[in-house]
Amino acid sequence: MITLLRRVVSSLQTIRVRLTLWYVALLTIVLIPFSAGLYIVLQHEVTTSNDAALHFSAQHVIDSLNSNGGAGALGRAVAGLPIGTVVVLYNRFGERIEASTRSTLPQLPVPQPPNGSPAPIYQTVHLSNGDQWRVLTTPLFLNGTLAGLLQVAESEAQSQSALRELALLLAIAVPVTLIIASAGGVFLAGRALRPISKMTQTVRTMRPQDLSQRIPVPATADEVHQLAETFNALLQRLEQSFERERQFTADVSHELRTPLSILRTQVDLALERGPSDAGAALEAMRTDIEHLQRLVSDLLLLARAEHGEAIGQHEPLRLDNLITDTVELVRD
Amino acid sequence: MRMLLVEDEQRLASLLQQGLIDHGYAVDVAHDGTSGWERIQVEPYDVVILDIMLPGIDGITLCRKLRAAGLNTPVLMLTARDRVRDRVLGLDSGADDYLTKPFAFPELLARIRALLRRESGSRDPVLRAGDVELDPQARTARRGTRSLELTSKEFGILELFLRNANRVLTRSQIAEHVWSDFAAESNVIDVYVSALRRKLSEAGEPNIIHTVRGIGYQLRSRDSP
């Protein structure tokens, strides 16, 4: 369990997983507001178009009543309306006079008695049986005088169910999209990072003794190509520096061998010849050791210079003296 | 035995020359490859000790030239280069042995003796002819049970005779192998040989170094090849 957790945590640290997580998070941030917005806009559209339809129905009834009143006038006016539209007439005191009989009458809200010139009111009514209706209550003017109120209502069951279906669709589609997208993200990130993991493999197999290996540079001129080239340039510099170091060490050991040989031979011969010869041999050996000391401090200076440490300061010098000294040194 | 030391480091060269002379060898020194090559062509050296990094002709090239010229003188390479491929290169250029600096002087002597042994045909480190024995390492010589008190030159002449038993050696051959830069009258050789002869027969033993009239001397021994 702990190892599994550790593996999950360590996999979270890989670029592949992190890229995918970012990708999915961004997609979530985009998809959820988009879905919510789509739902809200559509809902608004549905209401607006329903209201427009109610308005037209009311106008039609009012026009019809204005043109030919009398008994059965409402029935005739309602005939041209869409099926399911309920029309109720109220008198000036808010009392119901007549209702269209084309469908069962739902329990609509009782309007306030009109006074002055009331504006049309749009209402959404939830009935006890769970149905939802949209109701337009508008003043009814017959031949220019306020005769009462007209209520036109339509069930919103169909549009509501359409909206519910849309919501359900979005609720399923968004997570499914996210799952597919994350799988695709893992795949794409893996594909994009494959040259890098190849590079990692190559570098991992390199031994510090052998820096002649190079990372294969992909033919495409992309970031991975740049990385490979940068890496190879670094390797080249490292190799050169290692080579210089190795050469320096070889030179040092070579330079030290000759005075050491002299010293060693001196000792071997002195041991063979016995104590009578020892004084002169020791004298000669001291000279050799002094020479060796100079050599070692020179080499140390060189090593410091190789590592870029500041050595001494610049000062003017006579070239002829330097040459004479050097010639003498070599002649010795 | 006479040898050429080709070494550009003058201090080391003179020390080695001194040490080798202490051990009875006649030693010539060359400080660069070119003069070394000139001397090798002229003088009949028994051993050549060769440094690799030399001014003029380097040791490897010098060794190749020497072998190409048909000279079979044993060559010991003496160098500061100790990598395997350097040693391989040195030996493949025709050298018989390879010693890296810094080395122990007794080891150098032992390697020189081994090279001389290879040349003489007998692997026995002690040289023998009849009842005469010479140990180059201990620098002692005996006839029977009697040990011989020899000077350095007498020792060198006896060693030369023993390495070339039953072979006639001219006076100049003796001079070339025992003296370095020999420029004396040839009767010096006769003086040394007769002194050696006297010491060998001091207790009445038969003479083994015979004069070959008009040519030189010969050590005759029945059990030596």
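Brief remarks follow.
- Cα-projected label distance for residue A:27 with residue A:197, points at 7 Å along beta-carbon direction, nm: 2.0
- Pairwise label distance in nanometres, residue A:172 with residue B:212, each label 7 Å out on the Cα-Cβ vector: 12.0
- Averaged over peptide A:264-273, the number of partner chain Cβ atoms lying within 10 Å of each residue's Cβ comes to 5.
- Amide H contacts under 5 Å for residue B:78: B:50, B:51, B:52, B:99, restricted to partners 5 or more places along the chain or on a different chain, H placed in the peptide plane at 1.01 Å from N.
- Dipole in debye (nearest 20) - the protein assembly as shown, about Cα centre, beta carbon charges: Lys, Arg +1; Asp, Glu -1: 1920
- Per-selection metrics, the range A:157-312 (Cα): Rg and Dmax in Å: 35.5, 129
- Sparse-neighbour loop sites [trypsin sites (Lys or Arg not before Pro); the range B:30-121; at most 16 other C-beta within 10 Å; DSSP]: B:83
- The residue among A:59, B:207, A:86 whose Cα reaches farthest toward the positive pole of the charge dipole of the protein assembly as shown, with charges on the beta-carbon of Lys, Arg, Asp and Glu, is A:86.
- Phi-derived couplings, Karplus 6.51 cos²θ - 1.76 cosθ + 1.60 at θ = phi - 60°, listed residue by residue for the range A:61-67: 5, 4, 4, 4, 5, 5, 7 Hz, with x used for Gly and Pro.
- Counting Cβ atoms of other protein chains within 10 Å of each residue's Cβ and taking the mean over peptide B:16-25 gives 2.
- Kirkwood-based Rg to Rh ratio, chain A, C-alpha trace: 1.59
- Straight-line cross-link reach from residue B:153 at under 29 Å between alpha-carbon atoms covers these lysines, not counting any fewer than eight positions away in the same chain: B:199.
- Bridgeable lysines around residue B:65 (alpha carbons under 26 Å apart, same-chain partners fewer than 8 residues away excluded): B:101.
- Taken over the Cα atoms of the range B:38-133, the convex hull encloses 119 Å³ per residue.
- The calculated P(r) of the range B:55-197, using every Cα pair and 10 Å bins from 0, goes 10, 32, 33, 20, 6, 0 in percent.
- With the highest mean first, a sort of the peptides B:204-214, A:248-258 on other beta-carbon atoms found within 10 angstrom per residue produces A:248-258, B:204-214.
- Inter-label distance for residue A:324 and residue A:39, nm, one decimal - labels placed 7 Å from Cα along Cα-to-Cβ: 10.2
- Centroid-to-centroid separation of the range A:231-271 and the range B:1-50 [C-alpha atoms, Å]: 27
- Remark: relative contact order (chain A) = 13 percent; criterion is Cα-Cα distance under 8 angstrom and separation of 6 or more residues.
Taken together, the values in this text are just the output of simple stated rules run on the coordinates, not laboratory data. Treat the numbers as computed from the prediction; the structure is a model and nothing was measured. As a convention, Cβ positions derive from the backbone with ideal geometry for all residues, glycine included, and neighbour counts pool all protein chains shown.
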